[in-house]
Amino acid sequence: MGNIPRKIKDDVSLVICGSAGKGIQTVETILTQLLKRSGFHVFGTKEYMSRVRGGSNSTEIRVSSTSRPSLLDRINILVPLDKAALKHVQKRISENTLILADKEHFGPVDEKEAQGLIDFPFSQAASDIGGAIYANSIVAGLLAQLFGIDQEEMSLFLDQFFSEKKPEVIENNQKAAAKGYEIAQRIVEAEGIAIDIERHPHIAEDIFINGAEAVGIGAIAGGCNFLSSYPMSPSTGVLVFLSEQAEKFGIISEQAEDEISAVNMMLGAWYAGARAMVTTSGGGFALMEEGISLAGVMESPAVIHLAQRPGPGTGLPTRTAQGDLELALYSGHGDFPRIILAPGRLEEAVYLTRDAFHLAAKFQIPVFILTDQYFVDSYYNIPSLDFQSKNRENDIIETEDDYRRYRITENGISPRGVPGFGKGLVVTDSDEHDEAGHITEDLDMRVAMVDKRKRKLVDMKKAAFPPELVGTDNYDTLLIGWGSTYPVIREAWSLLGREDVAFLHFSQVHPLHPDTSAYLRQAKKRIVIEGNSDAQFASLLRRHTKQEIHQTILKYNGAQFSVEEMTTRLKETIDIKE
Amino acid sequence: MESNIFDMGKIDIAWCPGCGNFAILKALKAALAELEITPHNLVMVSGIGQAAKIPHYLRANVFNGLHGRALPPATAIKAVNPDLTVIAESGDGDMYGEGGNHLINTMRRNPDITNIVHNNMVYGLTKGQASPTSRMGFKTPVQVRGVAIEPFNPIALGIALDASFVARAFAGDFEQMKEILIKAISHHGYALVDILQPCVSFNKLNTYEWFKTHTYYLDNAHDPTDRTAAFGVALEENKMALGVIYQNSERACFETTTTVYEDNKGPFCNRKPNLEKLNDLITSKGR
Ligand SMILES: Cc1ncc(C[n+]2csc(CCOP(=O)(O)OP(=O)(O)O)c2C)c(N)n1
Ligand code: SF4
Ligand SMILES: [Mg+2]
């Protein structure tokens, strides 16, 4: 026990683990807010079971001197709230893990388990104060002390945090936090623990949001004023966020009877002049497919937030995956153009979701934002955002008498009118139609309409977001990723410290930016990294660039790659000879 | 207003000669004209089927969507622009079969739209299979031994769900059909009009004659606000009642339950996001 490192510098992985409904959330909120206010870079992510009570859920909080928003395997400090928690994260515990556990509350533990446990008697202390519920503030107080947060600061925060509660409850929480500080002081002295992380005062002013909020904020910035959805993890966070904001931002938010209704409502809303979106996950999206096809033939704008989780079927409802790329790409019968965006960072999620509305309106097509459970549930501090630069353009025309919704044009885009605005009539049809929008079986008209819809692709490709190259451009080996893996690949790549390796991140996966082939051509070896078992993006790249993908690094157990795992797998893969 | 304002001029209509759909189209135009609703203010929403082609046969804004899916977009269109008159119109297969869940939930939501269903008790467009309202024993190329499941009763469903307006009309009776449509379109809230419509090509059982002998008109003694009485009428076995069977004008319309018109009365198509408020929101996410 004596050899546990007591001094942790620059980068701490703290894990709190307990059963569902047991207050991890409260500890986490209090602590992360305080850490961020105090000027630390903070990243948080959770993994949880598909149940409301019981089981074991864990939250990882990473506190660091520089921004490191990715998952670690390593645990520096573990607070298991019950005995089951210890088992749940067992694989991540090493002899370097400080485990702060309530030994009495745990009951008997075997010798192996007992090793390295530092006693943190919070249960008795909580019931002395007034009940088990106060354990949350004790734990928060203890951890705040370890990170050197001023006790006065904590006290001010708690007053604010619990301000809606009865005075007695606030007072008890204050007492509990103070108790946490007291226990922490004892432990720190006895064990000689010292945490040394650089603070940056400007971080206190940073924005602190998760992926679901980033998508929601982006939607508002893109002018979203209609949302129809059906709850499904992990997409529900966006539904909840936008419903909370609905009144303030003039959004109609409706929980539809099913996903089929949701997608059809969205299209009705766009038709009448709204900027509408749906948020869903794989199984729900499968039900929406017919509606995507309808958007295709109607040339209706559509914005679909598709938060991925492992399938097929119900799969793993609360876990993560990147398995729905091909689903989004091929969804809906018939040929029609679409755009698929896949943000890797929170800022990207904000801006891309905003741009999804602009692109959908401009090209009159479905635009997808592909996230996943890991992405929507993870949060960290980011600098301020700028929205002034790109606001909604007037993409709806006032119609004339002779208005034809599907006028054949050179770039394939027909000016879009809405009913009741102008002198024309707006006719839209799921059947193949003529320029006026009326049903037709004229086969020449059919070809003209297919070609018109396809022609939009030319400008869509020009408008594509380019991939981001990390590293120098004289690389031999190119690591390729998309979506939520960005921070973890980037961190693992920097740990490799190899000049001959670069990383190319795609935040638009369809249609691909015209430079894609050139980026790939330059590499002698191409490695695609993604969260599915079929290497879906790798096959898309092969088809698009006609170039070989030499290796793939895939993960599909429902968890995101950790930095350690990514580093190991990169090392294993990079030097494999063909 | 003259009903010819809705005429399309010379067009190719895909209905069979003698079909009940023609009378419904004519009655709808007449009802709209009497209510002074202009083509520009009207949105015809439909699904797929013979009946669902009706939006192409009168001058109006049109959203001809997918089979069974007229009600969700109709609800959204009305919510996004309450100044429009929105009519969702399709066949019995479309509205009662494929779109059943939307029917139930649109009745609950109560948007201010009119839902017209051409009930020919058969699938016309796909050439004569059973529909949800086909009678027991009705033989088709698929139901070769005759329909063996209980027909769907849209009137009873509507009353059970407290749909705010429930009526039945007969396509063989122009004047009455028009009057019922006028009442339905004028009603604030969701209005179902189930129109018994002979299909001369695929339904040789439920003919004009059959409908005539199997229906009767409600008289003044019937109080459509009496839900229990209306339910009794809906369950009658021998003859089907025609007229306004149930009406509840107390229910709030879906679009009035949103707050989007409180500060801003303008149409959605010109609305821009409030970036100032968004910045405040983001700043609040900092602490
Ligand atoms: C999803 C889907 N399934 C099936 C069809 C084929 N289909 C078209 S219309 C129809 C039924 C039409 O019956 P009804 O709604 O009663 O209309 P009618 O033709 O009798 O007026 C069917 C099954 C379709 N177009 N889409
Ligand atoms: S098939 Fe029947 S319902 Fe359809 S148009 Fe012909 S007669 Fe009318
Ligand atoms: Mg029918």
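Looking at the stretch B:111-167, which of its residues are away from ligand 1 (no atom under 16 Å from the Cβ), open to solvent by less than 10 Å² (accessible area, probe 1.4 Å) and under 19 Å from B:G47 (Cβ atoms)? B:P111, B:I113, B:T114, B:G158, B:A163, listed by residue number.
Tell me, please, whether a residue that is within 21 Å of A:P343 (Cα to Cα) and either within 16 Å of ligand 3 (Cβ to nearest atom) or under 17 Å from the mean Cα position of the chain (by Cα) (or both) can be found in the stretch A:292-303. Yes - at least one qualifying residue is present in the stretch A:292-303.
Summed over the stretch A:272-303, the residues that are open to solvent by 10 Å² or more (accessible area, probe 1.4 Å) and touching a Ser or Thr at 6+ places or on another chain (Cβ under 6 Å) give a count of 2.
The lone criterion from (1) away from every other protein chain (no Cβ under 14 Å); (2) touching a Gly at 6+ places or on another chain (Cβ under 7 Å) left unmet by B:V260 is number (1).
Condition test on B:K277, is it open to solvent by 20 Å² or more (accessible area, probe 1.4 Å), under 30 Å from A:F161 (Cα atoms) and assigned to a helix (DSSP H, G or I)? Steps first, please.
Working: open to solvent by 20 Å² or more (accessible area, probe 1.4 Å): yes; under 30 Å from A:F161 (Cα atoms): yes; assigned to a helix (DSSP H, G or I): yes.
When the stated conditions are applied, B:K277 passes them.
Quick one: count up the residues across the stretch B:93-113 that are in contact (Cβ under 8 Å) with a residue 60 or more places away in the chain and either within 13 Å of ligand 2 (Cβ to nearest atom) or under 15 Å from B:I155 (Cα atoms) (or both). Talk me through it step by step, then tell me what you get.
Looking only at the stretch B:93-113, we keep the residues that are in contact (Cβ under 8 Å) with a residue 60 or more places away in the chain, and these are B:106-107, B:109-113.
After this cut, where a residue has to be either within 13 Å of ligand 2 (Cβ to nearest atom) or under 15 Å from B:I155 (Cα atoms) (or both) as well, the list is B:106-107.
Number of matching residues: 2.
Could you grab me the full set of residues in the stretch B:183-212 that are closer than 27 Å to B:A160 by Cα and away from ligand 3 (no atom under 16 Å from the Cβ)? Of everything in the stretch B:183-212, those that are closer than 27 Å to B:A160 by Cα and away from ligand 3 (no atom under 16 Å from the Cβ) turn out to be B:K183, B:A184, B:I185, B:S186, B:H187, B:H188, B:G189, B:Y190, B:A191, B:K212. The set of residues from the stretch B:64-100 being surrounded by fewer than 24 Cβ atoms within 10 Å (Cβ to Cβ), away from ligand 1 (no atom under 14 Å from the Cβ) and either farther than 20 Å from A:S228 by Cβ or facing another protein chain (nearest Cβ under 7 Å) (or both) comprises B:D83, B:L84, B:T85. Scanning the stretch B:13-53 for residues that are closer than 28 Å to B:E98 by Cα, open to solvent by 10 Å² or more (accessible area, probe 1.4 Å) and more than 16 Å from ligand 1 (Cβ to nearest atom) yields B:K26, B:K29.
For every residue, the table says whether it meets (1) open to solvent by less than 50 Å² (accessible area, probe 1.4 Å); (2) of a type in the set (K, R); (3) touching a His at 6+ places or on another chain (Cβ under 9 Å).
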position	(1), (2), (3)
A:E499	no, no, no
A:A502	yes, no, no
A:I529	yes, no, no
A:E548	no, no, no
A:K555	yes, yes, no
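Would you call A:S253 hydroxyl-bearing (S, T, Y), more than 7 Å from every other protein chain (Cβ to nearest Cβ) and not in a loop (DSSP other than H, G, I, E, B)? Yes; evaluated as a whole, the condition is true for this residue.
Answer with yes or no whether B:F170 is within 16 Å of ligand 3 (Cβ to nearest atom), more than 14 Å from chain A (Cβ to nearest Cβ), surrounded by 18 or more Cβ atoms within 10 Å (Cβ to Cβ) and over 30 Å from B:R251 (Cα atoms).
Details: within 16 Å of ligand 3 (Cβ to nearest atom): yes; more than 14 Å from chain A (Cβ to nearest Cβ): yes; surrounded by 18 or more Cβ atoms within 10 Å (Cβ to Cβ): yes; over 30 Å from B:R251 (Cα atoms): no.
Considered against the rule, which asks whether it is within 16 Å of ligand 3 (Cβ to nearest atom), more than 14 Å from chain A (Cβ to nearest Cβ), surrounded by 18 or more Cβ atoms within 10 Å (Cβ to Cβ) and over 30 Å from B:R251 (Cα atoms), B:F170 comes out as no.
In the set (1) in contact (Cβ under 8 Å) with a residue 24 or more places away in the chain; (2) surrounded by 13 or more Cβ atoms within 10 Å (Cβ to Cβ), the condition left unmet by A:E95 is number (2).
The values are calculated or read from the model by the stated rules, or taken from the named source; none is laboratory data. The structure displayed is predicted, hence computed values, not measured ones. Positions of Cβ are generated from backbone atoms using ideal geometry, with glycine treated the same way; all protein chains shown enter the neighbour counts. For the accessible areas, the whole protein counts, side chains as well, though only heavy atoms, and no ligand, DNA or RNA atoms are used. Shrake-Rupley method; radii C 1.70, N 1.55, O 1.52, S 1.80 Å.
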